[in-house]
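Right, one structure below, let's go through it.
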Amino acid sequence: MVSTKGCISGNFKSSNTTVFALEKLSFETYLKDQILKNFFDKFNLSHEREEYQTVIDVINNDLEFRGTRLWILIFAIFVASLGLNVNSTAVVIGAMLISPLMSPIMGIGLGIGINDMSLLRKAVSNYMMAALTGLGTSTVFFLISPLSEAHSEILSRTSPNIYDVLIALFGGLAGIIATSSKQKGNVIPGVAIATALMPPLCTAGYGLATLQWDYFIGAFYLFIINTVFIALATFLMVRFLRFPVNTFVSKELMNRAHRVVWIIVIATLLPSIYLGYNIVMEERFSNNAENFIQYEAAFPNDYLLSKSIDPKKRKIFLVFGGKEITENEIKRLKGKMKQYAMDTSSLEIKQGFAYLTPANNKEDERYKLLSNALSLKEKQEILLRAKLDSINNEKKLGAQVFAELKVQYPNIKSAVIEPSTAFADSAETKKLYLVLINSNKSISDQERSKIEKWMKVRLQQAHPKDSLSVIFQMPQATK
């Protein structure tokens, strides 16, 4: 009997353990097969993928530049050039939306990706046609434009770097995914704005028209970066989505084509890495220089007139005014540059007041710089002194008027007497003198009128054009 109970108890415990193990196994299976599967399934592109041939036909049909598309390109170039010329960001963005330059670049990537030489030749020839048309049109525009100054919209396209590579790559990935999807949305216009194909081409035209070759080279290099990495993104995504690939007659020819592609990619990438590194180092130098000037470049009885930081040459130029700075003080300041990772940088210090001596009083650039800085400091000091004097005078006037009022009306406990400004719905402002009188006892209407008239005469001696507003604060009369 006892053994039977023990057997039943053992079986029961074994059954519970088995059930628990099965529940644990089923939960892990559910977690693996359902939750994780559903999560990763959200990133699957095959559900919304357009038919391969449809995507190829869409890109192929948009390649050719003739008739309508060619005139649209020319007008877009004019719009972009106008936007750059007048420094209008909105106009430049509008030109990027109009431009049809994306299609031949995506066609190049698609042609390489599916080994379609006829598509590749068509895309390259139309891309060259579009680039030459854009460059020629923008050059002609800037040759005849009366405005020749390089604004920020132009300057921002002359120094490409690794970040522009990343923008073009990710923009190209978004563009080909959108083109390959049934739900295209408004991605292509966004890619056109982000990668900015049109402005660099127009900036290159500006460089040609004004013979500023550094602008031309920088802007055209940015255009090449956008072209190469949008095409590369298209190529990678076409292979990832497993577009049907045409078979080459020779495998050696296919390998040679791929080698050419990667050589172009690497040749385009390397200078951008170098330029990006320079930008990072220049930004770091500028920040370190600002901190160095703020926390270290201070001398007793001197103030900083002007500063100039040249991150390209790693040079700091400071102009001080006041007491003469000794060589030991300058040497000690230069010794602190190592703390800010600027031990290889140069620091030049000029002393403004000592520099502006009759012997050196020449109308050169440095003299004008110091003169302007000193003149600005003097004007600021005069304005601040005038404001301070005005505040002190108002305080003295208020104290004097209160003392005179107190003699006539001893029950007045306190008073606020100061100039103010009245605002109205019509956006007009009115200068007035605000007087708030606090009295221990009630003041009759007759006495109030008398005080207001006296105040008006007394205060308008100093401010004849200001109106007057007098407010009385008195204890309420008990019933």
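Bear in mind these aren't lab numbers, they're just calculated from the coordinates by the rules spelled out. Predicted, not measured: the structure shown is a model, and the values here were computed from it. A quick note on method: Cβ atoms are made from the backbone with ideal geometry, for glycine too, and the neighbour counts reach across all protein chains shown.
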Please compute the modelled spin-label separation between Asn438 and Arg49, points set 7 Å along Cα→Cβ, answer in nm with one decimal.
8.1 nm
Relative contact order (%) - the stretch 401-473, alpha-carbon pairs under 8 angstrom, separation at least six
33 percent
Calculated from backbone phi, Karplus (6.51, -1.76, 1.60) coupling profile of the stretch 403-409 in Hz, x at Gly/Pro:
5, 5, 5, 5, 5, 7, 9
Hey, quick one: spin label on Lys450, modelled 7 Å out along Cα-Cβ, who in the stretch 411-443 has an amide N within reach, i.e. under 13 Å?
411, 443
For the stretch 63-79, in order, what is each residue's ³J(HN,Hα) by Karplus, 6.51 cos²θ - 1.76 cosθ + 1.60 with θ = phi - 60°, in whole Hz (x at glycine and Pro)?
7, 6, 9, 7, x, 4, 5, 5, 5, 4, 4, 4, 5, 4, 4, 4, 4
Residues other than Leu84 with Cβ under 15 Å of its Cβ, Lys/Arg counted +1 and Asp/Glu -1, net out at -1
Dimensionless Rg/Rh of the stretch 401-473 - Kirkwood Rh, Rg from C-alpha atoms:
1.00
Taking H placed 1.01 Å from N in the peptide plane, check which residues at least 5 places from Leu468 or on another chain put their amide H under 5 Å from its amide H.
Tyr433
Cα pair distances of the stretch 51-172 binned at 10 Å [whole percent]
12, 36, 35, 14, 3, 0
Once you place label points 7 Å from the Cα toward the Cβ at Tyr409 and Phe75, how far apart are they in nm?
7.6 nm
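Looking at the stretch 401-473, what % of its DSSP beta bridges pair antiparallel, to the nearest 5? Write down the numbers at each step before the final one.
Numbers: 11 of 18 bridges.
About 60 percent, rounded to the nearest 5.
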